[in-house]
Amino acid sequence: MKRRFKNRTQAGQLLAKRLIAYAHRSEVIVLALPRGGVPVAFEVAKVLNAPLDICLVRKLGVPGHKELAMGAIAMGGAMVINEAVVTELGISTETINRVAFEEQKELERRHHAYRGNRRALNIEGRKLILIDDGIATGSTLRAALATLQQQQPVGIIVAVPVAPPSICNQLELKIEKVVCLKTPHPLYAIGIWYEDFLQTTDEEVRNLLAQAPWRQESVSR
């Protein structure tokens, strides 16, 4: 196996080096997919001196196999379905809607837990760098892109430490650019590409957002 990342912090530091062309640019906003994407994005935002915010998305896990995504939803109502998984496993619309209802409640909980009374950044006319700790099926990321594109940014760059080459190729057809440090085939699982892949907690997310003073400066824009 190729050398692994020590943790999400190191992955973010390495990713920031690949994104240095976007440093100190007033139109750039860094967006993280919570929870695991936040420690990665924090390091990138720090190096680029860019505002940091979150893009709330929830994977729709297959009942009994929650790590397998049958789709994803995002704040704002966007839903993406992984048709291959749904068809192969014969998953009903009723099951999808039931899981989506539960995940919508978790989206709302996280919205209040992470943002409190703070408004989301205005991304219209801005260049977005969307970050996660890795991509497996791409369902979660596609749901995020669907909701972000409705808000009319001037461009979206997806930046991740690790993802399958096929997913990167698919995404490059829909957005401005994909930056990925490792593209193993097969991927197997995101976690095996990290020495430390402990779950990021709600408290860690809140603390990292609180340590990003540039975020506060941009909220009222």
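Here, each number is a calculation from the coordinates, and none is a lab measurement. These numbers come from a predicted model, not from an experiment. We place every Cβ from the backbone using ideal geometry, glycine too, and count neighbours over all the protein chains shown.
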Nearest 20 debye, what's the magnitude of the dipole of region 10-89 about its Cα centre given +1 on Lys and Arg Cβ and -1 on Asp and Glu Cβ? 260
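Nearest 20 debye, what's the magnitude of the dipole of region 81-196 about its Cα centre given +1 on Lys and Arg Cβ and -1 on Asp and Glu Cβ?
Working: 13 positive and 14 negative charges, 114 e Å.
In debye, rounded to 20, region 81-196 gives about 540.
Per residue of the chain, what 222 nm ellipticity follows from adding -39500 (n - 2.57) for every DSSP H run with n ≥ 4, rounded to the nearest 500? Present the calculation step by step, with values, prior to reporting the outcome.
Details: 8 runs with 88 residues, N = 221.
Calculated at 222 nm, the ellipticity per residue is -12000 deg cm²/dmol.
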Is any residue of region 55-79 close enough, with backbone N under 20 Å, to a label point placed 7 angstrom from the Cα of Phe101 along the Cα-Cβ axis, and if so, which? 58-66, 70-79
Stretch gain in nm, segment Glu195-Ala21, where the contour uses 0.36 nm per residue and the Cα spacing is subtracted: 59.8 nm
How compact is region 84-173 by the rule of thumb for globular proteins, expressed as Cα Rg over 2.2 N^0.38 Å? 1.28
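Relative to 2.2 N^0.38 Å, what does the C-alpha radius of gyration of the chain come to as a ratio? Two decimals please.
The reported ratio for this selection is 0.97.
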Calculated FRET value between Arg206 and Lys174, using beta carbons and R₀ = 30 Å, to 0.05: 0.45
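Report the Rg/Rh value for region 44-98, based on alpha-carbon coordinates and the Kirkwood definition of Rh.
Values: Rg = 15.2 Å, Rh = 13.0 Å.
Using Cα coordinates only, the ratio equals 1.18.
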If you build a Gaussian network model of the chain, linking Cα atoms that sit under 10 Å apart, which residue out of Thr147, Thr87, Thr137 swings the most? Thr87
Can you tell me which lysines have their Cα less than 17 Å from the Cα of Lys66? Leave out same-chain residues fewer than eight positions away. Lys105
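What FRET efficiency do you get for Arg109 and Gln150 if R0 is 22 Å and r is their Cβ-Cβ distance, rounded to the nearest 0.05? Each step should come with its number before you reach the end.
Numbers: r = 23 Å, r/R0 = 1.04.
The pair Arg109/Gln150 has a calculated efficiency of 0.45.
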Work out the charge dipole of region 1-159 with +1 on the Cβ of Lys and Arg and -1 on the Cβ of Asp and Glu about the Cα centre, then indicate which of Gln151, Gly12, Thr137 is farthest towards its positive end. Gly12
